[in-house]
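Taken together, the values in this text are just the output of simple stated rules run on the coordinates, not laboratory data. Everything numeric here is computed off the predicted structure, so don't read it as measured data. So basically every Cβ, Gly included, is an ideal-geometry build from the backbone, and we count neighbours across all protein chains shown.
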Ligand SMILES: Nc1ncnc2c1ncn2[C@@H]1O[C@H](COP(=O)(O)OP(=O)(O)OP(=O)(O)O)[C@@H](O)[C@H]1O
Ligand SMILES: [Mg+2]
């Protein structure tokens with residue numbers, strides 16, 4: 001299990017300029033944790049996809065960015081929470097190319113491939129929460 | 001001249017050059033498509049070079065905007081070439097499942113311009129080679 005360290009950063013997702021703020025904060029923290037350039041880019045891109053889903057499909061919500069410690073060392077977690085309509089069939093939503101909004105349908109399935117841990121909880125009654133985590137594997141291998 | 005997107009679309013005599021700088025908000029990305037298609041028609045350009053070397057991430061939204069710019073320009077008889085994608089962005093896009101099929105790419109603006117038969121004398125490069 002992972003444990004949170006330091007104060008998480010909470011950001012609103014209400015309009016499309018909020019997506020910029022989410023990307024910038026995730027990038028800055030990923031650099032601080034010491035992620036390599038490719039890993040930073042994967043996490044920022046996944047966060048951008050999920051933040052846009054929160055805005056477009058969830059009707060807005062918030063993002064929370066936390067530094068975490070676990071068996072895999074230091075990591076960075078980002079959660080996206082909304083109280084929108086929820087996802088009736090999570091398995092279907094997670095398949096490549098599935099979109100109810102005329103999109104490419106690559107956001108959920110693609111961002112799952114970009115991160116180490118991906119956790120999606122959705123209530124058919126309403127509300128969706130997606131949490132993604134990347135671990136700093138280079139630190140675990142002893143590059144200090 | 002900057003249009004609605006505030007990103008300049010430069011006309012080099014029948015070849016358009018667009019250099020996307022920094023963070024691109026969603027609405028600016030959408031107006032950029034209009035700015036470019038307007039400029040293609042106004043200038044009668046045959047080619048559009050889009051430099052994305054300053055972009056540190058391309059998500060599915062931006063990938064779709066780029067693909068739509070290329071598709072709409074093609075209908076107006078102009079070819080779009082994407083230049084300067086960062087390696088980390090390329091790796092991430094492929095893993096995301098978006099390999100931008102149908103988009104032409106080039107390593108540098110000079111290479112892309114050469115594709116359209118336009119020579120850009122790269123003086124900085126020449127100076128470097130002589131020292
Ligand atoms: N936060 C959310 N609340 C409700 N439904 C969601 C949420 N996130 C995703 N979905 C549902 O899952 C589907 C798939 O999402 P995904 O991000 O993969 O594709 P998309 O957003 O439709 O298109 P794009 O490729 O542009 O991201 C969406 O079309 C939507 O129906
Ligand atoms: Mg999406």
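Where the Cα atoms of the protein assembly as shown are projected onto their three principal axes, how long is each span, largest first, in whole Å?
59, 49, 28
Which of rounded, prolate or oblate describes region B:9-130 when judged by the alpha-carbon gyration tensor and an a/c cut-off of 1.5?
Numbers: a/c = 1.76, a/b = 1.13, b/c = 1.56.
The shape class here is oblate.
Rounded to the nearest 0.05, what FRET efficiency do residue A:10 and residue A:96 have when you use their Cβ-Cβ distance and R0 = 22 Å?
Values: r = 31 Å, r/R0 = 1.41.
Between residue A:10 and residue A:96 the formula returns 0.10.
Quick one: angle between helix A:37-56 and the longest Cα principal axis of chain A, in degrees between 0 and 90, rounded to 10, please.
Computed tilt is about 30 degrees.
Can you divide the C-alpha Rg of chain A by 2.2 N^0.38 Å and report the result to two decimal places? Please list the in-between numbers first.
Values: Rg = 14.8 Å, N = 144, 2.2 N^0.38 = 14.5 Å.
Taking N as the residue count of chain A, the ratio is 1.02.
Rounded to the nearest 0.05, what FRET efficiency do residue B:115 and residue A:28 give with R0 = 35 Å and r taken as the Cβ-Cβ distance? Could you check?
On the way: r = 37 Å, r/R0 = 1.07.
It comes out at approximately 0.40.
Can you figure out the FRET efficiency of residue A:71 with residue B:90, using R₀ = 25 Å and their beta-carbon distance, to the nearest 0.05?
Values: r = 31 Å, r/R0 = 1.25.
Result of the calculation: an efficiency of 0.20.
Could you work out [θ]222 nm for the protein assembly as shown from helices alone, using -39500 (n - 2.57) per DSSP H run of at least four and dividing by all its residues? Round to the nearest 500 deg cm²/dmol.
-12500 deg cm²/dmol
Between helix A:16-33 and chain A, what is the angle of the helix's C-alpha long axis to the longest principal axis, kept within 0 to 90° and rounded to the nearest 10?
The answer is roughly 20 degrees.
Provide the percentage of antiparallel DSSP beta bridges, counting only those with both residues in the protein assembly as shown; round to the nearest 5.
Counting only bridges with both partners in the protein assembly as shown, antiparallel ones make up about 75 percent.
Say we join alpha carbon atoms closer than 10 Å with springs in a Gaussian network model of chain B; which of B:87, B:101, B:25 then has the biggest fluctuation?
Among B:87, B:101, B:25, the largest GNM mean-square fluctuation belongs to B:101.
Would you mind telling me which residue in B:115, B:51, B:35 has the biggest mean-square fluctuation in a Gaussian network model of chain B, where springs connect alpha carbons within a distance under 10 angstrom?
B:115
Compute the relative contact order of chain A as a whole-number percentage, counting only Cα pairs closer than 8 Å that sit 6 or more residues apart in sequence. Walk me through the numbers on the way to the answer.
Numbers: 285 pairs, mean separation 37.2, N = 144.
Computed over chain A, the figure is 26 percent.
Modelling each spin label as a point 7 Å along the Cα-to-Cβ direction, I'd like the residue B:64/residue B:79 distance in nm, to one decimal.
About 2.8 nm, to one decimal.
GNM, chain A, Cα, under 10 Å: largest mean-square fluctuation among A:113, A:23, A:14?
Maximum fluctuation in the GNM of chain A, among the listed residues, is at A:113.
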